[in-house]
Amino acid sequence: MLNYQNLSQADPEIMAVVRREMARQSEELEMIASENYVSPAVLEAMATVLTNKYSEGYPGHRYYGGNQIIDEAESLAATRAKKLFGAEHVNVQPLSGSPANAAVYFAFLKPGDKVLGLKLDHGGHLSHGHPVNFSGLLYNFVQYEVNPATGRIDMDRVRQIARREKPKMIVAGFSAYAREIEWEKFREIAAEVGAFTFADIAHTAGLIAAGEMSNPVPIFDVVSTTTHKTLRGPRGAIIMCREEFAKRIDRAVFPGMQGGPHDHINAAKAVAFGEALRPEFKDYARQVIKNARVLAEELISRDYRVISGGTDNHLLVVDMSNRNLSGQEAEIALDKAGISVSRSTIPNDPKPPLNPSGVRLGTPAITTRGIKEPQIKFIADCLDAAVQNHQNESRLSEIREKIKELCALFPIPGWPAQK
Ligand code: DSN
């Protein structure tokens with residue numbers, strides 16, 4: 001683990017912020033579904049002199065000199081990602097999820113083209129066509145929804161909409177959806193109407209890489225993912241596609257969307273992909289899903305409404321409407337109790353996105369700490385107690401102490417003890 005000796009001396013103010021954030025991450029339960037703890041090796045790769053380099057272009061074809069060594073780091077990242085997902089081509093340069101998705105649209109569409117995507121309050125992502133996002137502003141998105149009775153994507157409805165709208169692309173993927181995606185069905189529907197298929201696997205990439213969830217890479221035309229969620233890498237993204245689309249994806253990322261890649265981050269992506277290729281990562285991914293399933297069961301048994309009745313992946317969306325508090329109030333109370341979660345819309349949410357009806361819970365980060373089923377039951381008790389006592393500050397402080405004790409028993413791997 002980095003010792004931050006130089007930072008401490010050069011900038012004590014920023015060092016103090018970093019130390020406080022380290023203590024927070026160490027003493028609180030991180031249950032935001034999109035967060036995780038990178039390994040010390042990934043962290044060290046990010047803090048390297050590779051950040052000093054400019055390398056617009058791609059390995060072997062750069063617009064700056066001195067890139068022979070950088071080429072090796074980027075090529076290693078791409079080779080490992082190909083192996084991890086069975087991809088024909090990987091571009092490892094996207095800086096994050098939304099820019100990656102922008103590059104995909106840029107590669108396959110013209111402004112105004114019609115695209116199908118999952119609606120935000122049904123679990124979709126801003127970059128899947130929300131009207132305030134570049135995607136919804138530049139392209140003509142038509143949104144599909146989950147079935148209100150099952151909470152699952154209704155593939156018959158997707159087919160109907162696709163036949164009616166004849167989109168140029170169909171996007172499958174989500175930010176707050178707890179079920180397997182029927183990739184094959186999406187592909188069949190897209191083939192019927194002549195649309196490109198685009199999967200955004202940002203949330204489940206680690207679970208897919210580990211073989212614990214089905215993989216769209218061999219099935220879809222193009223797949224994007226962030227690298228920092230279940231994949232447990234640095235903050236960034238990659239795009240995978242078949243060889244026939246490689247040139248248009250590469251051109252869309254650079255020079256289309258981005259300038260110089262972040263070479264220190266790409267090296268850290270390579271490290272994370274190397275970690276995900278190891279057998280222990282499969283055990284990790286399996287435990288992430290087990291923990292999420294048990295958490296859903298525990299909450300349902302305490303009379304919480306979990307959207308779709310459970311989960312197949314690492315997250316669950318819980319409707320707080322029957323508990324007399326909003327998602328935002330639950331998020332604040334849980335924060336006070338030492339549990340970080342994110343408020344979330346529920347399908348057809350009558351409340352606005354800033355103060356929606358639900359919360360989204362995830363197990364990737366707590367599983368990295370080694371938490372398993374017995375602790376999940378305890379966590380469900382704490383979650384429930386915090387929700388029930390959301391206006392009782394002293395009760396929330398008591399729960400916080402219990403969470404702190406649990407966290408001390410499950411330190412973040414590779415971290416020194418916090419003072
Ligand atoms: N902000 C991410 C999430 O929390 O799901 C997606 O971009």
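The values are calculated or read from the model by the stated rules, or taken from the named source; none is laboratory data. Only a predicted model underlies this, so the values are computations on that prediction, with no experimental measurement involved. For neighbour counting, all protein chains shown are included, and Cβ atoms are generated from backbone atoms with ideal geometry for every residue, glycine included. Each accessible area value is taken on the protein alone, full model and side chains, heavy atoms only, with ligands, DNA and RNA left out. Shrake-Rupley method; radii C 1.70, N 1.55, O 1.52, S 1.80 Å.
Scan the stretch 21-29 and tell me whether some residue there is touching a Lys or Arg at 6+ places or on another chain (Cβ under 7 Å) and at pLDDT 95 or above. I'd like the intermediate steps shown before the answer.
Here is the first cut: in the stretch 21-29, the ones touching a Lys or Arg at 6+ places or on another chain (Cβ under 7 Å) are 27.
Pick out the ones that are also at pLDDT 95 or above and you get 27.
Scanning the stretch 21-29, I find at least one residue that is touching a Lys or Arg at 6+ places or on another chain (Cβ under 7 Å) and at pLDDT 95 or above, so the answer is yes.
Can you tell me which residues in the stretch 51-98 are within 16 Å of the ligand (Cβ to nearest atom) and surrounded by fewer than 19 Cβ atoms within 10 Å (Cβ to Cβ)?
Hits for the stretch 51-98 are L95, S96.
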- Output for the stretch 245-254, where each listed residue is of a type in the set (F, W, Y) and open to solvent by less than 20 Å² (accessible area, probe 1.4 Å): F245
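Can you tell me which residue is nearest to the ligand (Cβ to nearest atom) among those in the stretch 12-49 that are part of a helix (DSSP H, G or I) and open to solvent by less than 30 Å² (accessible area, probe 1.4 Å)? Give the steps one after another, and end with the answer.
Of the residues in the stretch 12-49, the ones part of a helix (DSSP H, G or I) are 12-27, 40-46, 49.
With the extra rule that they be open to solvent by less than 30 Å² (accessible area, probe 1.4 Å), the set shrinks to 15, 22-23, 26, 42, 45.
Working: M15: 27, M22: 21, A23: 23, S26: 21, V42: 19, A45: 23 Å.
It comes out as V42.
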- Item | Residue count, the stretch 120-146 (criterion: more than 16 Å from A178 (Cβ to Cβ), open to solvent by 50 Å² or more (accessible area, probe 1.4 Å) and in a loop (DSSP other than H, G, I, E, B)) | 2
- Message: Condition first: touching a strand residue (DSSP E or B) at 6+ places or on another chain (Cβ under 6 Å), more than 22 Å from R286 (Cα to Cα) and either of a type in the set (S, T, Y) or surrounded by 24 or more Cβ atoms within 10 Å (Cβ to Cβ) (or both). Can you find one or more residues in the stretch 255-264 that meet it?
- Response: no
- Message: Residues to consider are A103, A149, A107; find the one that is in a helix (DSSP H, G or I), away from the ligand (no atom under 14 Å from the Cβ) and over 15 Å from I170 (Cα atoms).
- Response: A103
- Message: Of the conditions (1) surrounded by 23 or more Cβ atoms within 10 Å (Cβ to Cβ); (2) small (G, A, S); (3) free of Cβ contacts under 8 Å to residues at least 12 places away in the same chain, S301 satisfies every one except a single condition; which number is it?
- Response: (1)
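For the stretch 178-188, does any single residue satisfy the condition of being surrounded by 21 or more Cβ atoms within 10 Å (Cβ to Cβ), in a loop (DSSP other than H, G, I, E, B), within 16 Å of the ligand (Cβ to nearest atom) and modelled with pLDDT of 95 or more? I'd like the intermediate steps shown before the answer.
Residues of the stretch 178-188 that are surrounded by 21 or more Cβ atoms within 10 Å (Cβ to Cβ), as a first pass: 178, 181, 186.
With the extra rule that they be in a loop (DSSP other than H, G, I, E, B), the set shrinks to 178, 181.
Imposing the further condition that a residue be within 16 Å of the ligand (Cβ to nearest atom) reduces the set to 178, 181.
After this cut, where a residue has to be modelled with pLDDT of 95 or more as well, the list is 178, 181.
Yes.
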- Return only the number of the condition from (1) of a type outside the set (K, R); (2) surrounded by fewer than 21 Cβ atoms within 10 Å (Cβ to Cβ); (3) in contact (Cβ under 8 Å) with a residue 24 or more places away in the chain that N392 does not satisfy. (3)
- Task: Hey, can you tell me all the residues within the stretch 1-11 that are open to solvent by less than 60 Å² (accessible area, probe 1.4 Å) and either touching a strand residue (DSSP E or B) at 6+ places or on another chain (Cβ under 8 Å) or over 28 Å from T363 (Cβ atoms) (or both)?
- Result: Y4, L7, S8, D11
